[in-house]
Amino acid sequence: MVNCSIVTYLTPEEMLMKVLKSVLLSNTIGKLFIVDNSPTDEIRSLLPNDPRIVYIPNPANTGFGAGHNIALKQSLSEGIAYHLVLNPDVFFVEGTLEKIVDYMDGNLDIGNLLPKVIYPDGSLQFLCKLLPTPYDWIGRRFNPIKSIVDKRNNLFELKFSGYNNVMEVPYMSGCFMFLRVSAIEKVGLYDENIFMYGEETDLCRRLISGGYKTVFYPDSEIIHEFQKGSHKSFKLTWVGIKSAIYYFNKWGWFFDKERKQINAKTLSLLNYRKK
């Protein structure tokens, strides 16, 4: 059985209905937690009448990871096998979750799984990455030389791999995190010191350190209406920069032996050859 959590904040009705329909089509879903960080509970009236839905108002808006932690704690207390952390701008076809459950059941060393992610127009999103350096998260954003940025992206976002095969990845997008609950029990919940952006990186890293794999699984597919809000808002850009500073203070800025080892292992498994 799978529990799922969606953290909302003034989410448009059309978007919310898409993701709810996708989740509720699955017979594997035990509970669907809607953790609402909005200042009012208007979303409550939009929710379909389904006994699996658990609405949790959280108007204090304590952040993405903290919101999902509310639901993850419930999954931990229930001893459920899997918990899906899901963005409200994601949707998928019937049978997607069942296929992922089957794969996770057969691979007990996987702590987190991300399927292939595409835009609504069918183009691929490159959401598998190496553990970031300060340049990847801060410097790259402000580098005006496109050729240098593109070259780094080919490596950092593992574009060279082709995204066609199952692969172990140091960290993947937080838009869809299919988590093994027993792994979360071992390594801990989201770090609530990160309000938004980077919480998935920190969690993936702790899963790897705890002996689990974080895996890209292209045999299943989801659609992500990715807005990249941090690139459109100075406020969100600043939120991202603060998260990056916290992350690097925690794990290391320029001297991070574990990052170097994990990234080297990933590139070796993918047969990367530096040009």
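Exposure proxy ranking for L189, L236, L158, based on other Cβ atoms within 10 angstrom of each Cβ and starting from the fewest, stands as L236, L189, L158.
Mind giving me the FRET efficiency for L25 and Y119? R0 is 25 Å, r the Cβ-Cβ distance, nearest 0.05 is fine. Using R0 = 25 Å, I get an efficiency of 0.70. Name the lysines eligible as straight-distance cross-link partners of K31: C-alpha to C-alpha under 16 Å, and not fewer than 8 places from it in the same chain. Those lysines meeting the cut-off are K21, K73. Label positions at T62 and R44, each projected 7 Å from the Cα along the C-beta direction, are separated by 1.9 nm. Zone of R52 (label point 7 Å along Cα→Cβ, backbone N under 14 Å): which residues in segment 1-35? Those under the cut-off are 1-6, 19-34. Look at K99, K213 and count the other Cβ atoms within 10 Å of each Cβ; fewest to most, that gives K99, K213. Note on segment 127-275: semi-axes of the ellipsoid equivalent to its C-alpha gyration tensor, largest first and rounded to whole Å, are 22, 20, 17. By the Cα gyration tensor, segment 139-199 has an equivalent ellipsoid whose semi-axes, rounded to whole angstrom, run 28, 18, 8 from largest to smallest.
Distances between every pair of Cα atoms in the chain, grouped in 10 Å steps from 0 to the bin holding the largest one, split as 6, 30, 38, 21, 4, 0 percent. Past 24 Å, Cα to Cα, is the threshold; run K159/K274; K146/K250; K186/K242; K146/K257 against it and keep the listed order. From K159/K274; K146/K250; K186/K242; K146/K257, over 24 Å: K146/K250; K186/K242; K146/K257.
Values quoted throughout were computed directly from the atomic coordinates according to the rules given, and no laboratory measurement underlies them. Keep in mind the model is a prediction, meaning the values are calculated, not measured. Glycine also receives a Cβ, built like all others from the backbone with ideal geometry; neighbour counts cover every protein chain displayed.
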